[in-house]
Number of protein chains: 2
Amino acid sequence: MVDEVEARPASRRRGRGGERARSGAPGQNPHLEVPFITRGIPPYDLADPEGLARIEATADRIMAEIGIEFREDPETVALFRKAGGTVTGLTAQSWNIRFEPGLIREMLRTAPARFTQHARNAARSVEIGGDAVVFAPSYGSPFVMDLDRGRRYGTIEDFANFIKLGQSSPWLHHSGGTICEPTDIAVNKRHLDMVLSHIRYSDRAFLGSITAPERAADSIEMCRILFGAEFVEKNCVIMGNFNTTSPLVMDGVSTRGIRIYAEAGQGSVHVPFLLGGAVSPLTMAGSVAHSLAESMVSCALTQLVRPGAPVVLGSFLSSMALRSGSPTFGTPEPALGSLVMGQLARRLNMPLRCAGNFSTSKLPDAQSMQQGVMSMMSAVQCGANFVLHSAGFLDGLLSMSYEKFMLDTDLCGALHGYLAGIAIDEDTLAFDALAEKGPGEHLFSTAHTMRHYKTAYYDSALDDNQPWETWDEQGGIDAATRANTRWKATLAAYEAPWLDPGIDAALQDFVERKKATMADAWY
Amino acid sequence: MVDEVEARPASRRRGRGGERARSGAPGQNPHLEVPFITRGIPPYDLADPEGLARIEATADRIMAEIGIEFREDPETVALFRKAGGTVTGLTAQSWNIRFEPGLIREMLRTAPARFTQHARNAARSVEIGGDAVVFAPSYGSPFVMDLDRGRRYGTIEDFANFIKLGQSSPWLHHSGGTICEPTDIAVNKRHLDMVLSHIRYSDRAFLGSITAPERAADSIEMCRILFGAEFVEKNCVIMGNFNTTSPLVMDGVSTRGIRIYAEAGQGSVHVPFLLGGAVSPLTMAGSVAHSLAESMVSCALTQLVRPGAPVVLGSFLSSMALRSGSPTFGTPEPALGSLVMGQLARRLNMPLRCAGNFSTSKLPDAQSMQQGVMSMMSAVQCGANFVLHSAGFLDGLLSMSYEKFMLDTDLCGALHGYLAGIAIDEDTLAFDALAEKGPGEHLFSTAHTMRHYKTAYYDSALDDNQPWETWDEQGGIDAATRANTRWKATLAAYEAPWLDPGIDAALQDFVERKKATMADAWY
C-alpha cells in the first residue's frame, strides 16, 4: 500500500528543504529537519510510582462509582453494555454507564502503542506514539489577530494562510485541523473547504472534521479520493480530535463521530478540556485523575468499534484566575499536571496528546512567550507524542496570531535541538579541542570547532543576537515586529506543493456536489 | 551565635509580607512565600550514569594531562604543590599545575554539601545545597535600560533601585551582588558603596566584591561590623562569585580573592563562563566536562585554605551565533548542558550555581521571555541551588532591564508554584469534588473548590488574564508596559528595612575612612 503512494510523483522540495537550506540564511538548521522528532532525551518523571498508582485508583473509582453520562447515541451505549458496562437510563436519550475497575483498561489492550499517520507526501508521514514527537498548529480559535489589523473573526483566507505558513516551516510536522474557524463559510459546509485547503496547501498529515457525524464521514471520504479507498481501509490517513463534555459527559455528536473514524480505521484523539475549578477539581492530582478517566473511556469506544483502531489519549489541563474565574493558560500547575499525565500514558502504553504553547496574552509580547514556553516545555518533557497547539495560540485559545505563529514555530525549531539531547562520545567530549591550543587560547580555529560549527547550536530565524549597537542602528526592532515582517515574506514566497491535477479536480467536484445538496446553515 | 542576630529588633514586615498579603491584590500568593525554596519535585536526570562517568573521566583527563595555568599568585601554587599537584613553571609569574585523576575530588571531600548563608534579618537566611533553591538578581551588567530612557551606563542610584525592587519582591531570596556596575563611582571605591547599599536597602543575604583582594577583605570587614566578628568567624554571612579565566586559566586576582573568602570562613561560588566555540568546545558534552574541571579546581583551593569552607560549584554555559561569532543565551543546547551539570554536582555532593534567566534580546519582548524561560527552567530542573541571574538579564548580560526585572520576578513566583510540585493525597485527588454534583455539573461551588481556591494556582502579578474585550477597553496594554508601571509603583512604595542606627553609622564611618585613604582610580 505504501508503494502506491510512493509511486506518485514526489512533491518537489521547494524553498525550505531545498534552495534555502543551502543559502545559510538565519533559522536554517538542515541537520535538525525531520518528518517527525525521535526523542533523544528521556521524559521528565515527576511523580513516584505510588503517587501514580493512587491517581490511577482514583480514575478507576470515578469510572466505577460516578460513571460517565452518555447522551443521544444508543448505539454507543449498547456497545459499552455488551462490553460489561453497567448502564442506568436517566432520560429517553441519556444514560449513565459505570465501569468496574480494570474494565476500561482491558478494552484498551487492543489500542496500538504507536502508529503511522500517512501524509500525501510519503516522506512527510508521521508516527504517533513511543519516542516520536509531532508538532501541529493550534486548533479551534474563532478569531485571528495580527499587528496590522488587530483581532477579527477568522476567514477561509486566514485558514489557508496558516496552512501555508505551517507548510513553509520545517519545525511543524503536521498541518493540524481547524487552525482557525473560517467564519465566512456556512457552518455545515466549512469542513469541506477546510479539508480541501489542507490537501491543497500542505503535503503533510492533517485532522478532519468532528462537528457532526456526516462531516466526519465527508472528511474521510475526501481522503479516499486522495489516497485511494483501499489504502485508507488499511492505513491511518486522517484523525479526528474529540473533546469530552467535562465533567464526565460524552455527547452523541462526539461519540457518533468517534465511531465513524474508528469504523474507517482512522485515528482519533480524545481530549478532556479541563478548566480546573470550573469543570474539574482545582487540585492537580484530582484534575489529572479526572482527565485520565474521561480520556480512557472515550478512547475505549474506538476499540469496541474496531479493535486496533489508532487512538490517542489526550489531556488539556488549564487553570483559573481565582479572583475572576477567567481561564488561565501557561501557569505552573498545569505544567506539572502534564508531566504526570505523560507518566500515566506510558503506564497505559498509549500515545499521548498533551499541552502545547498556551497563553492568555492578547499580544505576541513577553507574557505570551513566558506562558507559552512554560507550557510547551511541559509538552516536550512529559513525552507527549502529538502536540496540538504548538503554534499561534493567544487570547486563551480564542485567537490565532500570525506573529505568535512565527515566534512559536521558531521555538519549535529550538525544541528540535532540545529533544535531540546531548551526544556523549569521544568526539563531543572534545578533549582534543582543549588540548590542541592549551590554557588561555581561544578555540575559534581548532579542528573540533571547524568540524562542528555548522551544527553545534540551533540557529534561530527570529531572535536578534546582534550587539546592541548593531541592533539599535537597524532600528531597534522587537521580536513581534520581526515576526510580522516574517509572516508576510513567508506568505509572499509560498509555493503550493505538487498535487495530482486529477485528484485535485475530483476533490473539487466532491466539495461542489456536497455543497449543492444543502442550504447554508449557520449553527 | 544565631541568638545574637535574633536578639536584634526584627525587621518590621511592611507592604509585601504584611498588609498587601491580606488585600487580595494580584500577585500575592502568601502560601508560597518562603525565605528559600525547598524542592518538592525531583531534578530532571538527562544523561545516563555511563555518560556521566565519561564526562567525569574527561574532566579528570583535562586536569591531569592539560592542567590549569595559574598566574601571579605563588601562594596558591604552593598550596596546590603541597597537596600533590604537579607544578611546571612557565614564566616568573605563571605556572601550569596538573592533577592526577581523583586528586581534586579528594581535596573536595571536606566541602560541605549544604550550608547556611546568614542574612541580617535571621528570618531571611538562606540555605545553599541539597534540595534548597535560592533565586538572586542578575549580576555584572555595565548598562541599565528601561522603556523611558533606553540604554545607559548604570549608576549607584540604579544599583540601589534594583536592590529595592528585589527587596520588594517575595520571589527573590537573596540580594545578589554587582546587580549593575555603579559606573559613577571610582572603580577602587565602588565596592564600598555596593556593600553598604545591600546592607541598607535589603535585609537579605548578599555577595561581596571580588575585583581585588583588598576589596574582598573590605566586604568581609563590613560584615564583621554588621554581624559581629565572632559571628562572622563561625558563620557564612557573605559570598564572593569568582570566574575562572577560561579556558583553563586562573588569574591571581581571583585566586587571592578566593583565599580571602575561604580564610574568613566565608562562601565562594566558582563559575567558568563558557562561551562554546570561543573559550570552550562547542559540543555540550565537552563544554560540561571543561566546566566541571575548571570549577572543581577553583573550588578545591578553598578547601586547601580552610577545610570545610562553604563553597559552590558553578556553571555558566552559553552558545554562539555561528554565522557571526556573537554570544547567544537562552538557546536549547546550554539548557541541556545545565541539566547534565546538575547531575554531576549531585554526584560530587556539592551545592551548584547554574543557569538563570538568560537572553540576548535588547527589549523586554517575546524573545526575552522565550529565551529566559527556556534557560530558567533548566536552572530549576537541573537542581541548581543558587540561581544568580534570576531577574533583569537582557542584552547578553550587558544590560540590567527594569522591566525585565519585574517580569522575571513574577516568573520566579510562578516557579515557586512549580517547585512545590503536586501533592497526591485523598484531599487533592478530589474524588468527592466530582462525586458531589456528578456528571455535567460545574464545580465552582463544591466544598473542595471553596477549600482550595485561594491556594490552588499561582496568581501572577503581571500577566493579563482578562477577556480580550476588558483588556481592550483598558487600553490594550502589553506586558512590558505593565512592568514599566509596576517598577515605578514599587519604588515609590518602597520602605527600607530597619537597620540598627549604630551599625549604620559604623558602616558609614568605615566607608568614609576607607575612601579617604585612596585617590579615585577608574580601572
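The values are calculated or read from the model by the stated rules, or taken from the named source; none is laboratory data. Owing to the predicted nature of the structure, the values given are computational and were not obtained by experimental measurement. Every residue, glycine as well, gets a Cβ built from its backbone with ideal geometry; the counts of neighbours run over all protein chains shown.
Counting only residues that are touching a residue at least 60 places away in the same chain (Cβ under 8 Å) and outside any helix (DSSP H, G or I), which one in the range B:255-311 is farthest from the other protein chains (Cβ to nearest Cβ)?
B:G308
Need the failing condition index for A:Y523 against (1) within 20 Å of A:S168 (Cα to Cα); (2) at pLDDT below 95, just the number.
(1)
Going through the range A:88-123 one residue at a time, which ones are within 14 Å of another protein chain (Cβ to nearest Cβ) and β-branched (V, I, T)?
A:T88, A:T91, A:I97, listed by residue number.
Taking the criterion of being in contact with a helix residue (DSSP H, G or I) (Cβ under 6 Å, 6 or more places away or on another chain), crowded, with 24+ Cβ neighbours inside 10 Å and aromatic (F, W, Y), would at least one residue in the range A:350-370 satisfy it?
Yes; the residues of the range A:350-370 include at least one that is in contact with a helix residue (DSSP H, G or I) (Cβ under 6 Å, 6 or more places away or on another chain), crowded, with 24+ Cβ neighbours inside 10 Å and aromatic (F, W, Y).
Please give the number of the condition B:A123 fails out of (1) farther than 30 Å from B:Q167 by Cβ; (2) touching a residue at least 60 places away in the same chain (Cβ under 8 Å); (3) exposed (fewer than 15 other Cβ atoms within 10 Å of the Cβ).
All conditions are met except number (1).
Could you please find all residues in the range A:348-376 being at the interface with chain B (Cβ under 7 Å from one of its Cβ atoms) and aliphatic (A, V, I, L, M)?
A:L363, A:A366, A:M369, A:V373, A:M374 - these are the residues of the range A:348-376 that are at the interface with chain B (Cβ under 7 Å from one of its Cβ atoms) and aliphatic (A, V, I, L, M).
Among the helices (runs of 4 or more DSSP H) lying completely within the range A:423-504, list those that include at least 2 residues that are in contact with a Ser or Thr (Cβ under 7 Å, 6 or more places away or on another chain) and at the interface with another protein chain (Cβ under 10 Å from one of its Cβ atoms).
A:426-429, A:431-437
Filter the range B:263-293 down to the residues that are within 21 Å of B:F70 (Cβ to Cβ) and under 19 Å from the mean Cα position of the chain (by Cα) and list them by number.
The answer is B:S268, B:V269, B:H270, B:V271, B:P272, B:F273, B:L274, B:S291, B:L292.
For the range B:201-217, which positions are among the charged types (D, E, K, R) and surrounded by fewer than 19 Cβ atoms within 10 Å (Cβ to Cβ)?
B:E214
So which of A:L419, A:L407 ends up being within 7 Å of chain B (Cβ to nearest Cβ) and either part of a helix (DSSP H, G or I) or at pLDDT below 95 (or both)?
Of A:L419, A:L407, the one residue that is within 7 Å of chain B (Cβ to nearest Cβ) and either part of a helix (DSSP H, G or I) or at pLDDT below 95 (or both) is A:L407.
With respect to A:A229, determine if the residue is without any contact (Cβ under 8 Å) to a residue 24 or more places away in the chain, away from chain B (no Cβ under 14 Å) and surrounded by fewer than 24 Cβ atoms within 10 Å (Cβ to Cβ).
Answer is yes for this residue.
If B:P327 satisfies all but one of (1) surrounded by fewer than 24 Cβ atoms within 10 Å (Cβ to Cβ); (2) over 24 Å from B:M369 (Cβ atoms), what's the number of the condition it fails?
Among (1) surrounded by fewer than 24 Cβ atoms within 10 Å (Cβ to Cβ); (2) over 24 Å from B:M369 (Cβ atoms), the lone unmet condition for B:P327 is (2).
Given the options B:G257, B:G252, name the one that is more than 20 Å from B:F358 (Cα to Cα), among the small types (G, A, S) and surrounded by fewer than 24 Cβ atoms within 10 Å (Cβ to Cβ).
Within the list B:G257, B:G252, the selection yields B:G252.
Quick one: how many residues across the range A:312-323 are among the polar types (S, T, N, Q) and facing chain B (nearest Cβ under 7 Å)?
Looking only at that region, the number is 1.
Does A:A59 satisfy being surrounded by fewer than 21 Cβ atoms within 10 Å (Cβ to Cβ), part of a helix (DSSP H, G or I) and either among the aliphatic types (A, V, I, L, M) or touching a strand residue (DSSP E or B) at 6+ places or on another chain (Cβ under 8 Å) (or both)?
When the stated conditions are applied, A:A59 does not pass them.
Could you figure out which of (1) surrounded by fewer than 22 Cβ atoms within 10 Å (Cβ to Cβ); (2) closer than 26 Å to A:G372 by Cβ; (3) out of contact with any helix residue (DSSP H, G or I) (no Cβ under 6 Å at 6 or more places or on another chain); (4) not aromatic (F, W, Y) isn't true of A:L147?
Tallying (1) surrounded by fewer than 22 Cβ atoms within 10 Å (Cβ to Cβ); (2) closer than 26 Å to A:G372 by Cβ; (3) out of contact with any helix residue (DSSP H, G or I) (no Cβ under 6 Å at 6 or more places or on another chain); (4) not aromatic (F, W, Y), A:L147 fails exactly one: (3).
Could you please find all residues in the range B:35-72 being under 30 Å from B:R204 (Cα atoms) and hydroxyl-bearing (S, T, Y)?
Across the range B:35-72, the qualifying residues are B:T38, B:Y44.
Can you go through A:S359, A:S375, A:S390 and tell me which one is modelled with pLDDT of 95 or more, in a helix (DSSP H, G or I), small (G, A, S) and touching a Phe, Trp or Tyr at 6+ places or on another chain (Cβ under 9 Å)?
A:S375
Among the residues of the range B:94-117 satisfying the criterion of being touching a residue at least 40 places away in the same chain (Cβ under 8 Å) and part of a loop (DSSP other than H, G, I, E, B), which is farthest from B:V237 (Cα to Cα)?
Residue satisfying both the conditions and the ranking: B:P101.
Return a yes/no flag: does the range A:355-366 have any residue that is hydrophobic (A, V, I, L, M, F, W, C), in contact (Cβ under 8 Å) with a residue 60 or more places away in the chain, touching an Asp or Glu at 6+ places or on another chain (Cβ under 9 Å) and farther than 25 Å from B:S361 by Cβ.
Taking every residue of the range A:355-366 in turn, none turns out to be hydrophobic (A, V, I, L, M, F, W, C), in contact (Cβ under 8 Å) with a residue 60 or more places away in the chain, touching an Asp or Glu at 6+ places or on another chain (Cβ under 9 Å) and farther than 25 Å from B:S361 by Cβ.
Taking the range B:224-254, which residues are in contact with a Cys (Cβ under 7 Å, 6 or more places away or on another chain) and part of a loop (DSSP other than H, G, I, E, B)?
Answer for the range B:224-254, where residues must be in contact with a Cys (Cβ under 7 Å, 6 or more places away or on another chain) and part of a loop (DSSP other than H, G, I, E, B): B:V237, B:I238.
Does A:D193 qualify as being surrounded by fewer than 22 Cβ atoms within 10 Å (Cβ to Cβ) and either in a loop (DSSP other than H, G, I, E, B) or within 14 Å of chain B (Cβ to nearest Cβ) (or both)?
For A:D193, the condition - surrounded by fewer than 22 Cβ atoms within 10 Å (Cβ to Cβ) and either in a loop (DSSP other than H, G, I, E, B) or within 14 Å of chain B (Cβ to nearest Cβ) (or both) - is not met.
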